[in-house]
Amino acid sequence: LKQSQGKEEIILLENLRFHPEEKQNDDSFAQELAQGVDYYVNDAFAACHRAHASIVAITQFVNKAAAGFLVRQEMDYFSRIIESPQRPYIAILGGAKVSDKIPVLANLIKKANAVLIGGAMPYTFFKAMGFEVGKSLVEEGKKELALELLKKAEEKGGRIFLPSDHIIAREATSGTDFKTLTRFPIPEDYMALDIGPETVKKYSGFIKNAKTIFWNGPMGVFEIDEFCLGTNAIARAVAASNSLSIVGGGDSVSAIKKTGLEKNISHISTGGGASLELIANETLPGIEALSER
């Protein structure tokens, strides 16, 4: 392809992950990709957390490796919350699994003033604390880790906050009956599917007073109308704040766009996994590999 390339022509390759050498960060494969290339520009922030051949190894075989405009914009915003966030710094984490967010939780306990947790994640914590959570999603193998995280947060002044009330239903389906529960136990045939109004009020208070906000993950099963109110309320609270606000992750971004408030967010990140890893480790393999950032 390169031999037949004419002037002012662009070569577009198919998905390189079809090649096992790409995921292996293989030097020989990277050198082949870099043949005849003088300058390398990485503008794929969403892939910068992957140590792949076209992201990391290739930078050894070019004269200069630089960040593209989008990557620079992403890093400009994230550096503001990693290096010296204005306080109070509030992190909002949702989604299904504690295991997906362990590294970022461990870092945020140290860095953020408060970590507000929603989605299905809290119920692993609650189960570990001895509460009955019905059919709510629980990662049984992560209960000890959940207790460790709570202990570390307590040592920092109690920086993890869990829902104080819950929207529960027997099934996560549209049209199902649901109700608000303000105390445990959750009945054994019910599951928690959204944060309740008390939690919305409490979390919104933190958000209103924040100077810096990072949000990743919905507060409930927001795709279903009956369980989207918590996520929508948090989206409105973040949009109404005067803080530096960064939202990452497909579901959180979808929730913001669903409310039509994306223009009120300081920065909507293109990277879900990349943004989490960046918050957790304060750098990314694809960024470290660049000679000009």
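If I filter segment 277-286 for residues that are closer than 14 Å to Asp43 by Cα, polar (S, T, N, Q) and part of a loop (DSSP other than H, G, I, E, B), do I get at least one hit?
No: zero hits.
Could you tell me which of the residues Ile167, Ile234, Ile207 is touching a Leu at 6+ places or on another chain (Cβ under 7 Å), touching a residue at least 12 places away in the same chain (Cβ under 8 Å), surrounded by 18 or more Cβ atoms within 10 Å (Cβ to Cβ) and not in a loop (DSSP other than H, G, I, E, B)? Walk me through how you get there before you give the answer.
Details: Ile234 fails: touching a Leu at 6+ places or on another chain (Cβ under 7 Å); Ile207 fails: touching a Leu at 6+ places or on another chain (Cβ under 7 Å).
Sole residue among the options that is touching a Leu at 6+ places or on another chain (Cβ under 7 Å), touching a residue at least 12 places away in the same chain (Cβ under 8 Å), surrounded by 18 or more Cβ atoms within 10 Å (Cβ to Cβ) and not in a loop (DSSP other than H, G, I, E, B): Ile167.
Looking at (1) surrounded by 15 or more Cβ atoms within 10 Å (Cβ to Cβ); (2) touching a residue at least 24 places away in the same chain (Cβ under 8 Å); (3) assigned to a helix (DSSP H, G or I), which one does Val115 not meet, given that it meets all the others?
Evaluating Val115 over (1) surrounded by 15 or more Cβ atoms within 10 Å (Cβ to Cβ); (2) touching a residue at least 24 places away in the same chain (Cβ under 8 Å); (3) assigned to a helix (DSSP H, G or I) leaves (3) as the failure.
Looking at segment 24-41 only, could you name the residues that are at pLDDT 95 or above and either of a type in the set (Phe, Trp, Tyr) or in contact with a Cys (Cβ under 7 Å, 6 or more places away or on another chain) (or both)?
The answer is Phe29, Tyr40.
Would you pick out the residues in segment 27-84 that are among the basic types (Lys, Arg) and more than 30 Å from Lys211 (Cβ to Cβ)?
Within segment 27-84, the first condition is being among the basic types (Lys, Arg), and the residues that meet it are 50, 64, 72, 80.
Selection gives Arg50, Lys64.
Check segment 33-52 and report whether any residue there is part of a helix (DSSP H, G or I), over 30 Å from Asp194 (Cα atoms) and polar (S, T, N, Q).
Scanning segment 33-52 turns up no residue that is part of a helix (DSSP H, G or I), over 30 Å from Asp194 (Cα atoms) and polar (S, T, N, Q).
Being surrounded by fewer than 19 Cβ atoms within 10 Å (Cβ to Cβ), modelled with pLDDT under 95 and within 13 Å of the chain's Cα centre (by Cα) is the requirement here; does Gly260 meet it?
no
Here is a list: Glu223, Glu188. Which entry is part of a loop (DSSP other than H, G, I, E, B), closer than 21 Å to Leu137 by Cβ and without any contact (Cβ under 8 Å) to a residue 24 or more places away in the chain? Walk me through how you get there before you give the answer.
Working: Glu188 fails: without any contact (Cβ under 8 Å) to a residue 24 or more places away in the chain.
The conditions single out Glu223.
Go through (1) touching a strand residue (DSSP E or B) at 6+ places or on another chain (Cβ under 8 Å); (2) free of Cβ contacts under 8 Å to residues at least 12 places away in the same chain; (3) among the acidic types (Asp, Glu) one by one and return the number of the condition Glu132 breaks.
(2)
Residues of segment 253-265 being touching a helix residue (DSSP H, G or I) at 6+ places or on another chain (Cβ under 7 Å) and not in a helix (DSSP H, G or I), which ones?
Leu261, Ile265
The values are calculated or read from the model by the stated rules, or taken from the named source; none is laboratory data. Since the model is a prediction, treat every value here as computed from it, not as a measurement. Note that each Cβ is placed from the backbone with ideal geometry, even for glycine, and that neighbours are counted across all protein chains shown.
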